[in-house]
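The values are calculated or read from the model by the stated rules, or taken from the named source; none is laboratory data. In this text the structure is predicted, and so the values were computed from the model without any measurement. Here the Cβ positions follow ideal geometry from the backbone for every residue, glycine too, while neighbour counts run over all protein chains shown.
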């Protein structure tokens, strides 16, 4: 019985749940998550490619609606976690699930 309860808890935990392209951001609109995402954006040097105002530079603009790998929260999560073939590194081994969602929340808060 204990194993069944533990398995159920692990499967229903938002931090451990499978993220799909259609997943919504559980932290969207939460001020503390957005601030944490802003801090991570600077700490992880995302601004080095996307600029501190997210308008792009070496990397693409994150404030517009034109996104090669998708602009839905789940798609943005996957781009950050898995990286892209054209220079975006994968962050899944350097940031937790919640930290990636915080960065997504920050990006969502700045989209036009």
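Observations
- Some residue of segment 54-72 being part of a helix (DSSP H, G or I) and surrounded by fewer than 17 Cβ atoms within 10 Å (Cβ to Cβ): no
- Those residues of segment 19-38 which are exposed (fewer than 13 other Cβ atoms within 10 Å of the Cβ) and modelled with pLDDT of 95 or more, in sequence order: 31, 32
- The set of residues from segment 57-82 being over 14 Å from the mean Cα position of the chain (by Cα) and farther than 13 Å from residue 111 by Cβ comprises 57, 58, 59, 68.
- Some residue of segment 97-106 being outside any helix (DSSP H, G or I), modelled with pLDDT of 95 or more and surrounded by 13 or more Cβ atoms within 10 Å (Cβ to Cβ): no
- Flag for residue 15 being within 13 Å of the chain's Cα centre (by Cα) and at pLDDT below 95: yes
- Residue within segment 89-96 that is exposed (fewer than 15 other Cβ atoms within 10 Å of the Cβ), assigned to a helix (DSSP H, G or I) and modelled with pLDDT of 95 or more present: no
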